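For reference, the structure is listed below as structure tokens.
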């Protein structure tokens, strides 16, 4: 499964759900696949799920609030799983794109903990999050997304991806036509409507 497969699975069910996307290829793919104003792209490492949790708690009226980030990013913020487990926001979906490397730094080959056995799904479950799924192919990804958008959360979906598209958009850093401040302002306007 590739990052594009993950993005396609999200886009298929997203509707108008606000999304905060971590740094790197997934943000760029989300932008070019289907840009929506309620999206913050290229959020710094370790903040996509944490910030989405804050929005989900502040706006329980929103059907879904989504954070999507890489395995390296969530490893830097593992404590957020304990807070999700404590508050159990029904509208939160955290998507973890797990390729086993820190893809957004240096040359994208530095291994993360998942490359040597860290099981992010087990960590999430151990923190009290009941709805945790690991998807290893397109069908599993699509099924997990449909469930996460139909059944109460919180949800953590670990998407196991290969590295075939790791460098796909690395040279296209300027593909998102506005910066994080502008995307955050757009995101806020959409939530206020």
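For residue 32, the criteria (1) over 25 Å from residue 137 (Cα atoms); (2) at pLDDT below 95; (3) in a helix (DSSP H, G or I) hold in every case but one, which is (1).
Considering each residue of the stretch 41-70, count those that are at pLDDT 95 or above, crowded, with 24+ Cβ neighbours inside 10 Å and over 15 Å from residue 93 (Cβ atoms), and give that number. Residues in the stretch 41-70 being at pLDDT 95 or above, crowded, with 24+ Cβ neighbours inside 10 Å and over 15 Å from residue 93 (Cβ atoms): 0 in total. Sort out which residues of the stretch 106-127 are exposed (fewer than 15 other Cβ atoms within 10 Å of the Cβ) and closer than 20 Å to residue 82 by Cα, and write them in order of number. 119, 122, 126, listed by residue number.
Filtered by the rule that a residue be in contact with a strand residue (DSSP E or B) (Cβ under 8 Å, 6 or more places away or on another chain), outside any helix (DSSP H, G or I) and under 18 Å from residue 65 (Cα atoms), the stretch 90-130 gives 91, 92, 93, 94, 95, 96, 97, 129. Residues in the stretch 59-71 include at least one that is in contact (Cβ under 8 Å) with a residue 12 or more places away in the chain, more than 19 Å from residue 16 (Cβ to Cβ), in a helix (DSSP H, G or I) and under 13 Å from the mean Cα position of the chain (by Cα).
Out of 148, 142, 185, one residue alone is surrounded by fewer than 16 Cβ atoms within 10 Å (Cβ to Cβ), at pLDDT 90 or above and on the phi < 0 side of the Ramachandran plot. It is 185.
The values are calculated or read from the model by the stated rules, or taken from the named source; none is laboratory data. What you see is a predicted model; the values in this text were computed from it and never measured. Positions of Cβ are backbone-derived with ideal geometry, glycine not excepted, and every protein chain shown enters the neighbour counts.
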